[in-house]
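Some notes on the structure that comes next.
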Amino acid sequence: MISGMVSGPLSGFRVVDLTNGWAGTSCTKVLSSYGADVIKIENPDGGDMARNLVPWVFETFNGGKRSLTVDLREKAGQEIVRRLAKSSDVLVQSMRPGALDEIGLGRAELTAANPSLIYASFSAFGSSGPSSHRRGVDSVVQAESGLAAIVGRVVDSVSVIDAAGGLALAQGILAALLLRERSGVAEPVEVNLLDTAVYLQGALYTEFSATGSTLDRESFDTVFPTVGTFEASDGPLYVAAYWPGDWATICDLIGRPELVEDARFCDPASRSANCDALREEIGAEFKKKPRRQWVRDLERSGILAGERRSYADVLADEQVRHNETFESIRLADNRIVSIPRPPIRLGGRAMPALGAAPALGEHTDSILQSLQNLATSEPAGNR
């Protein structure tokens, strides 16, 4: 095996990365952060679809990898991937189910040549079943998993299912590597967007299966009228006052103790029935002080609260800086950008900086040369 580009628990492990876009590449970024040598296979004609379609997605999830351009439509390109897989620990792919089987790069063929290879697959709806043939992205699965109905819309700009799916696939691969270490058995790993989206709504689905209903945005506001966003004097404030006893505390903090005995708000049922009036009453008081002061006062009184921040606020936050949540990298055009690290800490340390994503085909020559060297060193009978 080839040592990883970054030292870590997966140093010495090689990963063949046949993913595009966000979800699969999020998985292989985590493996790269752990020190694996991740070889990203890209089409010579444009590479990963994200390079041009959503370049910031590409830059975010491909640092620390090596880029190898091969044409998988050609026999020569297929053979290069076959040779890589034969000397690798993991192959991660996010192509349409069955697509790699059609060109001789399916699990059966590659694991026959390398029984210790962990073959990991990411799909939209699963590798079998009536929807397995369908293409899908985060926003489509938001719609089909029920998430959009709960949230009130498809949130096109935030691919939370992709990101969660990538973390899940990385976790599955780590579990498979541990199993292989203990038993010698290399199990395949699969994750799909639909299952990931449902899991993210797990408690809501459990509630629905038991009661026939669950909380959408409107009903949530009615059940928890003191939870939500209010305007402070300098910006939005989020208050998470879930417990009935929080109501009296809020009334005291805002200087309106009489609201506790107000007939409209005297018990949970009344507060729910008069949700809009309640929010108007306390919202007027929240506007009188800055949100940071409200957060301090609410927290001292045992009520959860936080500033609703912009991206600029988050990038400047002292805790975020302390956590080393972002790494700063310099792009080819000399711009400095902030890229989030995977949210895992080993030994209390943030994941290592990976640097900029590779240029298309940047490592093709060196990887092909290493394969040639490996073939030369093998006994003739093993070639």
Checked segment 44-77 for anything among the β-branched types (Val, Ile, Thr), modelled with pLDDT of 95 or more and not in a helix (DSSP H, G or I); matches are Thr69, Val70
Does Arg271 qualify as being in a helix (DSSP H, G or I) and either without any contact (Cβ under 8 Å) to a residue 12 or more places away in the chain or more than 31 Å from the chain's Cα centre (by Cα) (or both)? yes
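So, in segment 40-86, of the ones that are of a type in the set (Asp, Glu) and crowded, with 18+ Cβ neighbours inside 10 Å, which residue ends up nearest to Gln369 (Cα to Cα)?
So in segment 40-86, the residues of a type in the set (Asp, Glu) come out as 42, 45, 48, 59, 71, 74, 79.
Going one step further and asking which of them are crowded, with 18+ Cβ neighbours inside 10 Å, we end up with 42, 48.
Values: Glu42: 17, Asp48: 23 Å.
Among those residues, the one meeting the criterion is Glu42.
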Of Ala312, Ala316, Ala332, the only residue that is small (Gly, Ala, Ser), exposed (fewer than 11 other Cβ atoms within 10 Å of the Cβ) and free of Cβ contacts under 8 Å to residues at least 12 places away in the same chain is Ala312
Scanning segment 162-189 for residues that are out of contact with any strand residue (DSSP E or B) (no Cβ under 7 Å at 6 or more places or on another chain) and of a type in the set (Gly, Ala, Ser), the one surrounded by the most Cβ atoms within 10 Å (Cβ to Cβ) turns out to be Gly166
Can you report the number of residues in segment 155-173 which are modelled with pLDDT of 95 or more and farther than 21 Å from Thr19 by Cβ? 0
How about segment 209-248: which of its residues are in a helix (DSSP H, G or I), modelled with pLDDT under 95 and not hydroxyl-bearing (Ser, Thr, Tyr)? Arg217, Glu218, Phe220, Asp221, Val223
Among Leu368, Leu360, the single one that is surrounded by 11 or more Cβ atoms within 10 Å (Cβ to Cβ), in contact with a helix residue (DSSP H, G or I) (Cβ under 8 Å, 6 or more places away or on another chain), over 17 Å from Asn62 (Cα atoms) and in the same structural domain as Val70 (by TED's automatic domain parsing) is Leu368
Only one of Val198, Val227, Val223, Val239 is in contact (Cβ under 8 Å) with a residue 60 or more places away in the chain and of a type in the set (Val, Ile, Thr); which? Val239
Log entry, pairs with first residue in segment 339-351 being assigned to a loop (DSSP other than H, G, I, E, B), second being of a type in the set (Lys, Arg), beta carbons closer than 6 Å, six or more apart or on different chains, reads Met351/Arg341
Can you tell me how many residues in segment 87-104 are surrounded by fewer than 21 Cβ atoms within 10 Å (Cβ to Cβ) and among the hydrophobic types (A, V, I, L, M, F, W, C)? 3
Among the residues that make up segment 311-322, is at least one of them more than 23 Å from Ala36 (Cα to Cα) and in contact with a Leu (Cβ under 6 Å, 6 or more places away or on another chain)? no
I'd like to check which helices (runs of 4 or more DSSP H) are fully inside segment 78-151 and have at least 2 residues that are of a type in the set (S, T, N, Q). 138-144
From Val198, Val191, grab the single residue that is closer than 27 Å to Lys29 by Cβ, touching a Phe, Trp or Tyr at 6+ places or on another chain (Cβ under 7 Å) and in a helix (DSSP H, G or I). Val198
The residue that is surrounded by the fewest Cβ atoms within 10 Å (Cβ to Cβ), considering only those in segment 136-161 that are within 15 Å of the chain's Cα centre (by Cα) and hydroxyl-bearing (Ser, Thr, Tyr), is Ser157
So, in segment 211-245, of the ones that are among the hydrophobic types (A, V, I, L, M, F, W, C) and under 28 Å from Ala312 (Cβ atoms), which residue ends up surrounded by the most Cβ atoms within 10 Å (Cβ to Cβ)? Leu237
Yes or no: segment 16-33 includes at least one residue that is modelled with pLDDT of 95 or more, of a type outside the set (A, V, I, L, M) and surrounded by fewer than 24 Cβ atoms within 10 Å (Cβ to Cβ). no
Restricting to segment 311-332, what's the tally of residues that are part of a loop (DSSP other than H, G, I, E, B) and closer than 21 Å to Glu59 by Cβ? 4
Filtered residue count, segment 85-123, keeping only those that are over 17 Å from Leu72 (Cβ atoms) and acidic (Asp, Glu): 1
Of the numbered conditions (1) at pLDDT 95 or above; (2) under 30 Å from Thr69 (Cα atoms); (3) of a type in the set (Lys, Arg), Arg308 fails exactly one; give the number of that condition. (2)
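The values are calculated or read from the model by the stated rules, or taken from the named source; none is laboratory data. Computed from a prediction, not measured in an experiment: that's the story for all the values here. Quick reminder, even Gly has a Cβ in these numbers, built from the backbone with ideal geometry, and neighbours come from all protein chains shown.
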